[in-house]
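Notes to accompany the following structure.
Just so it is clear, none of the values below were taken in a lab; they were calculated from the coordinates. All values reported here derive from a predicted model rather than from experimental measurement. Here Cβ is always computed from backbone atoms with ideal geometry, including for glycine, and neighbour counts include all displayed protein chains.
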Amino acid sequence: VHVGDFIAATDGTFNVLVTIPTQCSGAVPVLAIVGTTIVAQTTLTVTAPPAAPTGLAIDPVSPSPVAGQPFSVTVHSVDAAGVHTTVAAATAVNLTLKTGTGTLGGTVTGSIAAGAHVVTISGVTYSVAETGVVLRADDDTAPNETTETGLAPGDSAAFNVVPPAVPPRLAITRINPT
């Protein structure tokens, strides 16, 4: 908190300019002092405005998806510090494959609603079982651009896609009666 100059008002009171950083929230004590005596004391409640979103972030994909089976991906709008931050207008989100040899399919688009910071895209599929798959979330339906809302793309942490379970085999043996 920075306290600026005291300015005398015509009614005998003083005004003071106090600058509070936008990151500051909470209670700020305010004192009125005449000479060395505190003549008034109060608390000013300060609420910082939310920071504007600057990018997208993908929650860890867990548990490991099964190749060819639908799974969900959760995407957040975040500020420069990585804090979930709401968007002012509905924001389209598109998922693309950054790292992996398979094909990303199913539902790969969603929208973060105005005033929200999250969308869960359900029904995403990946075609092969492999390790180290990385997805990218972009803020429009043209992959890898930042032109529509200006949000930087976000990448998932690498995750594994596991093979589908093999159904148990039934062995049939012919028994000869004796």
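Convex hull of alpha carbon positions in the range 54-133: directionally averaged projected area 5.2 nm². For Val134 and Ile172, a Förster radius of 41 Å and the Cβ-Cβ distance give a FRET efficiency of 0.35, rounded to the nearest 0.05. Whole-Hz Karplus values for the range 77-89 come out as 8, 9, 8, 4, 8, x, 7, 4, 9, 6, 8, 6, 10 Hz, taken residue by residue from phi with 6.51 cos²θ - 1.76 cosθ + 1.60 and θ = phi - 60°; glycine and proline positions read x.
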